[in-house]
Amino acid sequence: MISIQDVSKVYSLESGDFFALKHNNVHIKNGEFVAIMGPSGSGKSTLLQLMGGLDLPTTGEMIVDGVHLNKLNEKERTLFRRTKVGFVFQNYQLLPMMTVAENIALALSANKTPKDEILHRVKQLMKDVNLEGKESQFPSQLSGGQQQRVAIARALAMKPQLILADEPTGNLDQKNGTDILQLLSKLNKEEKITIVIVTHDEQAAKVADRIILISDGEIVQDRRKGVARNEP
Ligand code: ADP
Ligand code: ADP
C-alpha cells in the first residue's frame, strides 16, 4: 500500500538546511494498522503528510496505492488526495458554516456524484460512525468525539483504501479517545482499510498492530505485533 524508499525531507531555513526526515525506508502492507510514535518535532507529521501527497519528499520515492507521488503534477496530486486517501486531523478541520451532512458530502460533491447517490452515501456513513439523526447539526453543536466521528465519515466518503490520521485522539478525553480508536480499529478489521496514525496515545499503541518509532527524522524502531493485537 505504501512504499517509502530512501525518503528525506529538507526544509531550507535561514540558518541552513534542516533535515526533518533522513533517508527513511518503510513498507506498509494493505490492511495494516500502523502507529507512528516519537518525540515532538521528530518528523511524524511530515512523514504522514508525504504519505498523503500533501507534500513531496526532497529526495527519495513515495509510492502509495501504486501511484508514484513524485511523478504527479499538482492537479493529479489533488485528485489523488481526494480519491485515494482519507485524512483525519487532531482538530477535526470541519467547515463551521456547513452542516454535518454537507461536511461529509464535500468530496462527493466536488467529484460530481449525483445528488441522490450523495444522500444515500451520507446516510450510510452517518450510520457507520454512529451519528444518525445529526445530519442537520453544525459542528459547533457537537462534542469533540462526535466531531471527530464526522471527520472520519468525511474521510470515508470516497471509499479510500487508506486513512491517515494525525493525533486523532489528541483533543479528546480518554473515553472519547477510546471510542475513536475502536472505530478506526473496526474500519481496519471489517473494511480492510489500511490505517496509519501519528499519536502519543498509549491506547493507540495497543490497537495498532505495528509501531514505528521516529526520532530526529529517523526511524529508530519498527515493531510488529503478532496476531494477538487485542491482548494487553
Ligand atoms: P512531529 O509531527 O513529530 O511533531 P513534524 O513533522 O511536525 O514533527 O516536524 C518535524 C520538524 O520539522 C520540526 O522540527 C518542525 O519544526 C520542522 N518543520 C515541519 N514543517 C516545517 C516547515 N514547513 N518548514 C520548516 N520546518 C518545518
Ligand atoms: P502537529 O504535530 O500537531 O500535526 P505541527 O506543529 O507539527 O502540528 O505542524 C502543523 C503544520 O505546520 C504542518 O503542516 C507543518 O508542516 C507546519 N510546520 C511545523 N513546524 C513548522 C515550522 N517550524 N515552520 C513552518 N511550518 C511548520
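The values are calculated or read from the model by the stated rules, or taken from the named source; none is laboratory data. Because the structure is a prediction, the values reported are computed rather than measured. All Cβ positions, glycine included, derive from the backbone under ideal geometry; neighbour counts span all protein chains shown. Note: areas computed on protein heavy atoms with side chains; ligands, DNA, RNA excluded. Shrake-Rupley method; radii C 1.70, N 1.55, O 1.52, S 1.80 Å.
Every residue in the stretch 41-74 that is without any contact (Cβ under 8 Å) to a residue 24 or more places away in the chain, outside any helix (DSSP H, G or I) and within 16 Å of ligand 1 (Cβ to nearest atom), please.
Just the residues of the stretch 41-74 that are without any contact (Cβ under 8 Å) to a residue 24 or more places away in the chain, to begin with: 41, 49, 56, 66-74.
Okay, now just the ones that are also outside any helix (DSSP H, G or I), so 41, 56, 66-68, 72-73.
Matches in the stretch 41-74: Gly41, Leu56.
One residue is enough: does the stretch 99-117 have a residue meeting the conditions assigned to a loop (DSSP other than H, G, I, E, B) and charged (D, E, K, R)?
Of the residues in the stretch 99-117, the ones assigned to a loop (DSSP other than H, G, I, E, B) are 99, 111-114.
Applying the additional criterion that residues be charged (D, E, K, R) yields 112.
For the stretch 99-117, residues assigned to a loop (DSSP other than H, G, I, E, B) and charged (D, E, K, R): present.
Would you mind stating whether Leu106 is surrounded by 14 or more Cβ atoms within 10 Å (Cβ to Cβ), modelled with pLDDT under 95 and more than 16 Å from ligand 1 (Cβ to nearest atom)? Full working, then the answer.
Numbers: surrounded by 14 or more Cβ atoms within 10 Å (Cβ to Cβ): yes; modelled with pLDDT under 95: yes; more than 16 Å from ligand 1 (Cβ to nearest atom): yes.
Judged against the criteria, Leu106 is a match.
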**Neighbours by Cβ (under 7 Å, 6+ apart or cross-chain): first from the stretch 1-19, near ligand 1 (Cβ under 9 Å from one of its atoms); second open to solvent by 70 Å² or more (accessible area, probe 1.4 Å) and outside any strand (DSSP E or B)** = Lys9/Thr58
**Item:** Test for Asn91: is it part of a helix (DSSP H, G or I), open to solvent by 30 Å² or more (accessible area, probe 1.4 Å) and either within 11 Å of ligand 1 (Cβ to nearest atom) or of a type in the set (S, T, N, Q) (or both)
**Value:** no
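Do you know which residues across the stretch 22-40 are open to solvent by less than 30 Å² (accessible area, probe 1.4 Å), within 11 Å of ligand 1 (Cβ to nearest atom) and in a loop (DSSP other than H, G, I, E, B)? Reasoning before the result, please.
Here is the first cut: in the stretch 22-40, the residues open to solvent by less than 30 Å² (accessible area, probe 1.4 Å) are 24, 26, 28, 31-38.
Filter once more, so that each one left must be within 11 Å of ligand 1 (Cβ to nearest atom): 36-38.
Answer for the stretch 22-40, where residues must be open to solvent by less than 30 Å² (accessible area, probe 1.4 Å), within 11 Å of ligand 1 (Cβ to nearest atom) and in a loop (DSSP other than H, G, I, E, B): just Gly38.
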